[in-house]
Every structure is written in structure tokens, then in C-alpha cells.
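One structure is given here, and the rest of the page talks about it.
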Amino acid sequence: MAICEKEWENLHLETYIYRMNDFSILSDTADSFLILKKNGQLAYISEACQRFIGYSFEEIEDMRISDIFQPSSLNKENSYFKELSRDLLCHSDIHIRAKSGELIHVQLTAFPIILHKAIIGSYAVIREMTHHKEQKFMSEKQAVAGQLAAGIAHEIRNPMTAIKGFLQLMMRDYKGKKASYFEIIKSEIERIELILRELMVLAKPNKISYKNVNLDSLLEQILTLMRSQALLNDIEIEAAYCFKDTSIFGDENQLKQVFINYIKNAIEAMTDGGKILIEGEFLSENQVIIRIVDQGPGIPAEILERISEPFFTTKEQGTGLGMPVSYQIIKEHKGDMLISSSSTGTSVEVVLPLES
């Protein structure tokens, strides 16, 4: 009796898994990997991967790739990774969801399993990010930035206070026709003060005023504030989340600063208008993820690698402090952030713990 292509693939994949020690260059005990069927169903999990994400071989038998990997990493059918071809070796930095609900930042290497010149499935090798870049940022870049910030702020704040005070006196008494000059000076002083505040966050993070913050209300306040700026740029902001009665424990003003910064960046990236999607979901009983997805031209890889470096910016009027300050705020809230980008847009994912 003839068997269909799908049955043929599954049969050969089962045989491959059974004889994997003969075929595979990966170690079941040392390498953390999954084997996937072509339809996105999980077929095998190595011993190392079982220890890493908490699922046993028996538990993954009825699971699909979308049960572990974040939807933003997958194609529309949730059967394979977005923008990656089955017949090519590919690398990506993505998030996976462990059995505990924890979101883990991993480096993914995916490549096909080929038997008799046919692709019968795929390997997904996952390695936990060692946060080498983050550690390097904290130990080198931020250390230097902190030293600079402390020195600059100390040297500038006192004379700036005097300049601002005398300017206010002059503005009050001046009756001439060039009062607009004073407004320009005042706005530039305020810009300097903003830079000083951001420098001080890097040098010595502000004490966070923790309280229970309603997440739905927080996001609505942010969107109300940003929609007017978006409309001026022919951009629609669409909300796709439902966090009713959901609270997170943190500093409301600092969290607003983070999301306003990310949405503002998305607006500035979309010079031809379009749509920004703000979506959110529960990762587990104690974690949520919020995504800001734009339709801009994307961020080149060489810039994406440096995006959290202090003072690195591609904007003419930028300080290069918005992204590292935002990232530091998220870490202070025991959260995490991941940016992915392609030619069709950029996605910023923010993971935050719920009220404990």
C-alpha cells in the first residue's frame, strides 16, 4: 500500500532519531537541541535540552514549535522560523519559553536533516546567551560612561543653574523685540538639563519608587500621549493586548519613559507613514511581554550590534543615551529586552515580571 509524503517523512525521521548516534554530529548529553518535523511539530529533545528548558521527551510528543519559541520568531503558519529557509543553515538570537514560564534569550542555529536527498525535518540547536555583550557593556562602556557622567554633571550643573536663573530674570525684565532669542536659549538649556539627567541615570541610577502599576492603564496613558505625534507623521498606532486587572511592580514614570522612547523611535523610523503595533501577552503566571512593532526600513546589523552603547547614535540631534538608559531601567525592574529587525520593520520586545 502506498504511503503519502508526510507519512514517508515521519517514518524516515523516526528511523533517523532511532539511529541518531550513527548519523548526528551532536551529542545528546552535551548539546541542547530539538528535532522538528516539517509541519512544526516537535519530534525529539536532547537530554541537555531537557535539562535546559525543563520539558521531558514524553511531554514534547504533542507539542509544536510555537509552544516553545516566541510567535514573533515564527512564520505565519507557526511551522518554522520567520524569514529562514528550510534548506539552509541559519543563525538567530531569539527567546524561548521554558516549562517554568521563564523567557530565555538564546542563540539558535537551525539546519535541515536530509535523507535520500529529501528534507525530512530540521535541527534547532539552542545555546543560552552568555550576555557577553551585556556584560561587556556593563563592565567597559557603562563604567566609562559613568565616570564621564559623574564628572560632566558635577562640572556643568552648578554653572547651568546660575545661567538659567539669570536668564529668567532677564526674560522677566526685557521689553525689546527680540524676546524670541531668550526662548531659544531657554529651550537649549532645557535640552542640556535633559542630557545631564540621562547622564546621571548612567552614573548613578535613580532610586526607583516601586508600587503596583496597572499595566492596561499605563499603556493607555502612553498611547494617548503618543497618538497625536503619530498622527502628525501619518502613522496609526494599533493596540492588541488585554491586561485588564493586571499589575506590575515598578516605577510608573520610569516605565513610561521606556515605552515612550521605544514608540518615539518607531515613529521617527517610519518616514513614509504606516502602522505601529503595540501587542502584549502573558508568558506565564508571573511574566508579560510587550512588543512595539514598526513598519520602518529596519536597523542595519552593524548598528543593531551597537544600539545599547552609551553615546552611540545615528540621529543628528541624538545623545546616544536613550537606549542604554531604557535598557538599564528594564533591568532594574528585573525584566529583559530584545530587538529584532529586518527590511520590513523592527520589533522591540520588553519582558516584565508581574506583581508578586
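Per-structure values
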item: Residue within region 228-246 that is part of a helix (DSSP H, G or I), more than 21 Å from the chain's Cα centre (by Cα), surrounded by 14 or more Cβ atoms within 10 Å (Cβ to Cβ) and without any contact (Cβ under 8 Å) to a residue 12 or more places away in the chain present; result: no
item: Among the residues listed as I35, I60, the single one being surrounded by 20 or more Cβ atoms within 10 Å (Cβ to Cβ), at pLDDT 80 or above, part of a strand (DSSP E or B) and not acidic (D, E); result: I35
item: Residues (in contact (Cβ under 8 Å) with a residue 60 or more places away in the chain and open to solvent by 20 Å² or more (accessible area, probe 1.4 Å)) located in region 339-348; result: S340, S342
item: Which listed residue, of G273, G280, is surrounded by 18 or more Cβ atoms within 10 Å (Cβ to Cβ) and either touching a residue at least 12 places away in the same chain (Cβ under 8 Å) or touching a Lys or Arg at 6+ places or on another chain (Cβ under 7 Å) (or both); result: G280
item: Count of region 266-298 residues which are under 30 Å from K99 (Cβ atoms) and polar (S, T, N, Q); result: 3
item: Given (1) part of a helix (DSSP H, G or I); (2) open to solvent by less than 70 Å² (accessible area, probe 1.4 Å); (3) modelled with pLDDT under 85; (4) in contact with a helix residue (DSSP H, G or I) (Cβ under 8 Å, 6 or more places away or on another chain), number of the condition L219 does not satisfy; result: (3)
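The values are calculated or read from the model by the stated rules, or taken from the named source; none is laboratory data. Just so we're clear, the structure is a prediction, and the values are computed from it rather than from any experiment. Heads up, the Cβs are rebuilt from the backbone with ideal geometry, glycines too, and the neighbour counts pull from every protein chain shown. Just the protein is used for accessible areas: all its heavy atoms, side chains included, with ligands, DNA and RNA removed. Shrake-Rupley method; radii C 1.70, N 1.55, O 1.52, S 1.80 Å.
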